[in-house]
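Enquirer: Pasting a structure here, questions to come.
The values are calculated or read from the model by the stated rules, or taken from the named source; none is laboratory data. Only a predicted model underlies this, so the values are computations on that prediction, with no experimental measurement involved. Note: ideal-geometry Cβ built from the backbone for every residue, glycine included; neighbour counts use all protein chains shown.
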Amino acid sequence: MSFADGENVGAYRVVARLGQGGMATVFKAYHPGLDRYVALKVLHPAFKEDPGFVQRFNREARIVARLEHPNIVPVYDYAEHRGLAYLVMRFVEGETLKAHLNRGRLRPEQIVQVVEGVGAALSYAHGQGILHRDVKPSNILLSDGPAPEGADGSAHVFLGDFGLARIAEAGESTLSRDMMMGTPQYISPEQAKGRRDLDAATDIYSFGVVVFEMITGRVPFSSDTPYSIIHDHIFTPLPVPTSINPNIPATVERVLLKALAKEPADRYADVDSLVSAFVGAVESSTGAEAEPVVPTVQVPLRAAEGVPQVQEVEKPEEKRRRGWLYAGIGMALLCLCAAVLLGGTAVERIQANATATARSAAPAPGGKPPGDEGGPSGDADLAERIEALEEHVRQNPDDAMARMELGFLYLKAGAREEGEDQLREAIELRPEEEAVYLEVGRYLLENEQPKLAAEVFATGLEVLPESLPLRFSMGRMLWGLGSPDGDLRLAEELARRLVETHPRDAMFHAYLARVLIGMQDMDQARAEIDRALELDPNLAAVHLVQGLWFRQQREFAEARREFQIALDLGIDEEWLRREVERELDKTEP
């Protein structure tokens, strides 16, 4: 349920829908009394499930409405219509920074203008004690209309959507429980970890990602799954900007490296310091003989809007849920590492293997040197990496991630027992660390063990029921296992376990329905689809599964309609979008 074109909403008449994200839908509307256009931002119907939502909405809307700055999209009003809460905001003529970047590069002076405008908005808001929490190009508006009176040139840059994250935060609705405050490509490491004690440093990091994208032509981390991106923000070193665009001056690169430091304390102390450092770096570089600070390649990127929140949950003490996991990992690794070298430590085995084969690996005239194809030189490098990690683990025995990486290297070397031991230690050390489950599951996937990977993800969800990355990974696994050629019994067991532990999660009800369709249990599948639609009628996966149900009933027109609805709702998961397109293509018109 949403607003319709031509509908009267309070004093406003809806003109057209402008776009839809995870939390809200935006409409252009006209106020006849004031003779002006406005933007109506209508929040998702799922928020109505939250008994404290109205009070929180009114409180946060009042706070945001007090933000008066030439670089912040002003909020004029807030109210409810047909049970849907909405904000009335200034309608800005122009386009988003995201749309501009998708179309082409920015000139150096435009980059500086954006940095100064967004920086001024954030600095003012931080001074009022308000964080944005979701700084990204789609929330930055480049106006081609008149600037506010008394404003400087940077006033053509507006930062919008202040307060939406605060309004959704800590709610009890399905959407609130699932909403991550931030978009994966632009999220700070501390946000990605689900921390609530955020400060201005989180906006500085997200702002830094936007600047990085304007300068290099791409975001630092991008992948086909939100978890991979989130994981990289937390653990993966920042790509060196000059490795992407060698024309970037060293002074500008240093600004980016500092703004995007993993630890909040290592970033700029405030937004003003970041802006000052960036503008100074650009001016010094363009004043010298350095290349202009513009990207040499512009890569259009598709930002994921409004994804479920990673929340902190109570840490269970019991270990019974993980008992099967150890056995499962052991069986999987036994299959993966059947040819284990015998005798000595893992490093000694690798070194012995490299020495024994070195003579036979000498290249023919004109051939490649050893190691280029993963030969003994590669074995020696692997041994060195293992030795270094072994030393690190000896000095840091509680570093679960290092133990996990060491376990994977052992397995790669054929040392199954050592590898299993390290993975068990990693899980014991960090049973509430989602990255452990995800990395082990991903390793099993890469080595063609999808069933065990699915069970790893499912167990992780029992320990961390609100984990966004585990939910997405589990959903993809269930989809594969629930296909006609998948393991339907395992898929049903896992899906029912998840529906039992997540009874208000529409996605898992939809995936259980998908499995039941594969098992030809159409009545039960219909019941699960109806429950999923009741929980979230705007979830694309639900309409995809309903399309499969209709097609099984040979109601092809209804099936195509459901597949099209799924596409129109917008799908951030690339694999899921491909599934919808595939099903649509093969459904008879």
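Enquirer: Please go through the stretch 39-69 and give me each residue that is at pLDDT 75 or above and of a type in the set (Gly, Ala, Ser), ordered by number.
Expert: Correct list: ALA39, ALA61, ALA65.
Enquirer: Which ranges mark the helices (runs of 4 or more DSSP H) fully within the stretch 467-532 that have 3 or more residues being among the acidic types (Asp, Glu)?
Expert: By residue number, 488-501.
Enquirer: Output the residue which, of all residues in the stretch 71-106 that are within 20 Å of GLN185 (Cα to Cα) and of a type in the set (Lys, Arg), is surrounded by the fewest Cβ atoms within 10 Å (Cβ to Cβ).
Expert: Out of the qualifying residues, it is ARG103.
Enquirer: When the stretch 552-578 is examined, which residues are found to be over 13 Å from VAL542 (Cα atoms), touching a residue at least 60 places away in the same chain (Cβ under 8 Å) and assigned to a helix (DSSP H, G or I)?
Expert: Those that are over 13 Å from VAL542 (Cα atoms), touching a residue at least 60 places away in the same chain (Cβ under 8 Å) and assigned to a helix (DSSP H, G or I): GLU574, TRP575.
Enquirer: Just checking, does the stretch 522-531 include any residue being crowded, with 21+ Cβ neighbours inside 10 Å, more than 27 Å from ILE229 (Cα to Cα) and among the basic types (Lys, Arg)?
Expert: No, the stretch 522-531 contains no residue that is crowded, with 21+ Cβ neighbours inside 10 Å, more than 27 Å from ILE229 (Cα to Cα) and among the basic types (Lys, Arg).
Enquirer: For the stretch 175-227, which residues satisfy the criterion of being at pLDDT below 75 and part of a helix (DSSP H, G or I)?
Expert: Correct list: LEU175, SER176, ARG177, ASP178, PRO226, TYR227.
Enquirer: I'm trying to understand the selection: among the residues of the stretch 74-109, which are modelled with pLDDT under 90 and part of a loop (DSSP other than H, G, I, E, B)?
Expert: Matches in the stretch 74-109: PRO74, ARG82, GLY83, VAL92, GLU93, GLY104, ARG105, LEU106, ARG107.
Enquirer: Just name the residue that is modelled with the highest pLDDT out of those in the stretch 12-23 that are over 15 Å from ARG82 (Cβ atoms) and hydrophobic (A, V, I, L, M, F, W, C).
Expert: Per the stated criteria, the residue is VAL15.
Enquirer: Follow-up. Taking the stretch 496-506 only, how many residues are among the hydrophobic types (A, V, I, L, M, F, W, C) and within 14 Å of LEU470 (Cα to Cα)?
Expert: Matching residues across the stretch 496-506 total 1.
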